[in-house]
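Participant: Pasting a structure below so you can have a look.
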Amino acid sequence: MTFMPMTVREDGEAGPYSNGETDAEGKFTLVTAEQRERRGAVVGKHRVIVSTKKAHLDPNDRDREIVDSPEILPRIYYDYRQTTLEVEIPEGGTETIELSLDSKAGR
C-alpha cells in the first residue's frame, strides 16, 4: 500500500509518500520513500493506494515489468486517480489505521 500526501507544506511540496506491505493479519508498517529508515507517514491528509499486484523489473530490460501475480482488487483501490481511500495522519502519528475495502467496488 502507498500513502500519498495531499496536504501541501509551506515550501509548496506535499512531502514524501510512504509504502508498506500488509502481513497475513492485515497489519502493516510504513516507511517513507525518500528515507527508507524513516518509519511512518508525514502529518496530514493522504490518498491511499492498495494493490495486490507483485512485479519486478526484467534484469535484461529495465523498462520491462514482469508480473509475478496480477492485481485482484478493483481499480478504485489501486489507481491513484480513482482511489476513494483517504486517511488523516495526526501530529505525533498513530498506531492504528483501519481501511475498509469492498471487493465489488468499482466493478
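Participant: How many residues are over 10 Å from Ile49 (Cα atoms), modelled with pLDDT of 90 or more and part of a loop (DSSP other than H, G, I, E, B) when one looks only at the stretch 74-96?
Facilitator: 3
Participant: Within the stretch 15-47, restricting attention to residues that are free of Cβ contacts under 8 Å to residues at least 40 places away in the same chain and touching a Gly at 6+ places or on another chain (Cβ under 8 Å), which residue is farthest from Glu91 (Cα to Cα)?
Facilitator: Restricting to residues being free of Cβ contacts under 8 Å to residues at least 40 places away in the same chain and touching a Gly at 6+ places or on another chain (Cβ under 8 Å), the top hit is Phe28.
Participant: Among (1) over 25 Å from Thr32 (Cβ atoms); (2) among the aliphatic types (A, V, I, L, M); (3) touching a residue at least 40 places away in the same chain (Cβ under 8 Å), where does Ile72 come up short?
Facilitator: (3)
Participant: Here is a further query. How many residues does the stretch 1-14 contain that are in contact with a Ser or Thr (Cβ under 8 Å, 6 or more places away or on another chain) and touching a residue at least 40 places away in the same chain (Cβ under 8 Å)?
Facilitator: 3
Participant: Say whether the condition of being of a type in the set (Ser, Thr, Tyr) and closer than 25 Å to Gly15 by Cβ is met by at least one residue in the stretch 60-75.
Facilitator: No: zero hits.
Participant: What number of residues in the stretch 1-48 are at pLDDT below 85 and among the small types (Gly, Ala, Ser)?
Facilitator: 5
Participant: Let me ask something additional. Residue by residue through the stretch 4-62, note down the ones that are surrounded by fewer than 16 Cβ atoms within 10 Å (Cβ to Cβ), among the hydrophobic types (A, V, I, L, M, F, W, C) and in a strand (DSSP E or B).
Facilitator: Within the stretch 4-62, Ala55, Leu57 qualify.
Participant: Let me ask another. So, in the stretch 68-101, how many residues would count as being farther than 20 Å from Met6 by Cβ and surrounded by 12 or more Cβ atoms within 10 Å (Cβ to Cβ)?
Facilitator: The total comes to 3.
The values are calculated or read from the model by the stated rules, or taken from the named source; none is laboratory data. The model shown is predicted, which means the values in this text are computed figures rather than measured ones. Here Cβ is always computed from backbone atoms with ideal geometry, including for glycine, and neighbour counts include all displayed protein chains.
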